[in-house]
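Everything below concerns the one structure shown next.
Derivation of every value follows stated rules applied to the coordinates shown; laboratory data play no part. As the structure is a prediction and not an experimental result, all values here were calculated from the model. Note that we place each Cβ from the backbone using ideal geometry, even for glycine, and neighbour counts take in every protein chain shown.
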Amino acid sequence: MTPIEVGPGQVELVVRGAAGSPDARVRLFDWAREDEYHVVFGVEARDDGVQARIEAVGVTVWDRLDDFFDGLAQDFRGWEGERVWTNNHLVVAASFGRGGHVRLSWTLRADVFNNGWECTVSTVVEGGEEMSALAADVWAFLGQG
């Protein structure tokens, strides 16, 4: 899950599925800073022959995507119910399951008013060190540049 440099100054982050769906993956790519408060990046989700892509997901410092993942990592002993982070084109839902694993459901939406397509791909990470590493990787991806 470590961010990888794919070109000079260009980093992407890939989150892969677990044993139940090894083909599942979500890729964050083409990061760009709009201004000091706002970044834009692409998101691609794939699983079992399905692929969806959003070219521009805008996230501000007030959206707190990095804090969402940090909170999941800090609660490595688990939580009840589902935690959700959302913005116009991307929804990330997290639920804690048996064996200390966190299921992350990544929903890409073509339209903010729900009259376009949606695609959801799930990945599973271990709730301890793997989630901490993912949270750090999200911080690194969003804070580049």
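Rounded, prolate or oblate for the range 102-145? Axes are the square roots of the Cα gyration tensor eigenvalues, ordered a ≥ b ≥ c, and the cut-off for rounded is a/c under 1.5.
In terms of gyration-tensor shape, oblate.
How many nm is it between the label spots at residue 14 and residue 105, if each spot is 7 Å from the Cα in line with the beta carbon?
Using points 7 Å along Cα→Cβ, the separation is 2.6 nm.
Mind listing which trypsin sites (Lys or Arg not before Pro) in the range 63-133 are in a DSSP loop and have 16 or fewer other Cβ atoms within 10 Å?
Listed in order of number, the matching sites are 64, 77.
Please go through the range 37-122 and write out the GluC sites (Glu not before Pro) that DSSP classes as loop and that have at most 13 other C-beta atoms within 10 Å.
When the GluC sites (Glu not before Pro) of the range 37-122 are filtered for loop state and at most 13 Cβ neighbours within 10 Å, 80 remain.
What FRET efficiency comes out for the pair residue 33/residue 126, r = Cβ-Cβ distance, R0 = 30 Å, nearest 0.05?
0.45
Going by a ≥ b ≥ c, the root eigenvalues of the Cα gyration tensor, does the range 70-145 fall in the rounded group (a/c under 1.5), the prolate group (a/b larger than b/c) or the oblate group?
Oblate shape, in that a/c is at least 1.5 and b/c is the bigger or equal ratio.
At most 12 other Cβ atoms within 10 Å plus a DSSP loop assignment makes a site exposed; report the longest stretch of the chain without any exposed chymotrypsin sites (Phe, Trp or Tyr not before Pro).
My reading of the result: 63-112 is the longest stretch.
Given that just one value was derived from the coordinates, which of [x] 14.5, 42; [y] 17.3, 51; [z] 18.3, 68 is Rg and Dmax of the Cα atoms in Å?
[x]
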